[in-house]
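For reference, the structure is listed below as structure tokens.
Bear in mind these aren't lab numbers, they're just calculated from the coordinates by the rules spelled out. Please read these numbers as outputs of a predicted model, since none were measured by experiment. When we count neighbours, we look across all protein chains shown, and the Cβ atoms used for this are built from the backbone with ideal geometry, even at glycine.
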Amino acid sequence: MTLKDSGLVIIGVTDEAKQKADDFVKEKRLSYTILSSSKVKGAYGVQTPPALFLIAASGRVALEGNMMVNARLLEPYLKNVVSVDVPYANYSKKFDSVRRTLRWGDWKGASGELARLAKEPGEDGENAQKLQKWIDETGAKKLAAADAAQEAGDFFSARDAYSELERRFLPTADYATKGKDKLALLKKDEVAKKAFACEKEYGEALTFDEAGDGAHAARLYRQCGAMCAGTRFADWCEKRATRAETGAKSAPPAGGVVDK
């Protein structure tokens with residue numbers, strides 16, 4: 001499977017004039033889109049180009065830095081941000097579109113297509129109903145995982161999961177409605193506000209952690225925890241710091257929240 005097959009979309013951004021960017025694309029024969037914007041650099045805190053940002057479907061920045069990228073480096077991160085495994089069944093060609101939609105994690109779009117397919121007679125209708133049931137079960141699990149993450153002090157995972165429920169699932173679904181309401185409450189939480197204020201440092205800690213640099217990761221986790229001393233978030237950061245130092249690859253159990 002290629003990176004494109006995994007759902008990866010590459011977009012280049014420059015603060016140069018649009019015409020200059022267009023000329024560059026033609027000169028280098030680039031196959032991906034280049035956007036011209038003066039706001040992106042500041043919004044993402046880019047100090048020295050070139051900079052890379054791998055963004056999950058939920059909007060979370062899964063990887064960032066000034067680096068040269070290849071498929072081997074991206075592969076472990078892509079597993080956590082794209083490519084949903086759709087349950088196996090004897091699907092007809094009518095399901096090709098909805099299966100592609102699901103692989104991208106577009107649960108809302110898939111539900112819209114499944115509502116139409118559910119009216120089909122025979123096996124197609126049955127498979128559509130089963131897939132929608134699976135989507136509902138997935139949404140409920142994501143809500144439970146988000147709740148567990150918040151209880152453990154992992155406010156970032158909780159926020160990302162609640163946000164995904166709000167934006168990527170049918171808004172009429174019970175779990176999506178609850179996710180939206182809980183996200184609003186989380187954003188008003190004073191401890192969560194302090195945690196979100198150190199998002200850049202926490203993101204850097206995650207990046208070092210994934211790269212196996214436990215010492216740098218632990219230092220940054222503890223830096224974040226110090227900003228929220230005496231809170232669940234500080235306790236969470238200390239757990240992550242300890243695991244980073246001991247070389248453990250997985251995060252301490254909270255809600256098992258991942259971006260898919």
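Backbone phi angles across the stretch 133-138, fed through the Karplus curve with coefficients 6.51, -1.76 and 1.60 (θ = phi - 60°), yield HN-Hα couplings of 4, 5, 4, 5, 5, 5 Hz in residue order; Gly and Pro are listed as x.
Exposure proxy ranking for Lys41, Lys188, based on other Cβ atoms within 10 angstrom of each Cβ and starting from the fewest, stands as Lys188, Lys41.
Fewest-first ordering of Leu117, Leu185 by other beta carbons within 10 Å of each residue's beta carbon gives Leu185, Leu117.
Working from Cα pairs under 8 Å separated by at least six residues, relative contact order for the stretch 93-190 is 22 percent. Listed by chain and number, the lysines placed with their C-alpha closer than 21 angstrom to that of Lys182 are Lys108, Lys141, Lys142, Lys193, Lys194, Lys260; residues fewer than eight positions away on the same chain are left out.
How do Ile34, Ile10 line up, fewest other C-beta atoms within 10 Å first? The most exposed by this proxy come first: Ile10, Ile34. Each part gets one Cα centre, and for the stretch 88-122 versus the stretch 153-189 those centres are 24 Å apart.
Could you work out how much longer the chain between Glu245 and Lys141 gets when fully extended? Use 0.36 nm per residue separation minus the Cα distance between them, nm to one decimal.
Here the segment from Glu245 to Lys141 would lengthen by 34.4 nm.
Here's how it looks for Met227: its modeled amide H is under 5 Å from none belonging to a residue 5 or more places away or on a different chain. Each label was represented as a point 7 Å from its Cα along the Cα-to-Cβ direction; for Arg100 and Ile55 these points are 2.2 nm apart.
For Leu8 and Ala211, the difference between the fully extended length at 0.36 nm per residue and the C-alpha to C-alpha distance is 71.0 nm. Our analysis of the stretch 192-246 gives Rg over Rh at 0.95, with the two radii drawn from alpha carbon positions and Rh computed by the Kirkwood formula.
Exactly which chymotrypsin sites (Phe, Trp or Tyr not before Pro) in the stretch 87-155 are in a DSSP loop and have at most 14 other Cβ atoms within 10 Å?
When the chymotrypsin sites (Phe, Trp or Tyr not before Pro) of the stretch 87-155 are filtered for loop state and at most 14 Cβ neighbours within 10 Å, Tyr88 remain.
According to the Cα-based calculation, Rg over Rh for the stretch 93-190 is 1.07, with Rh computed by the Kirkwood formula.
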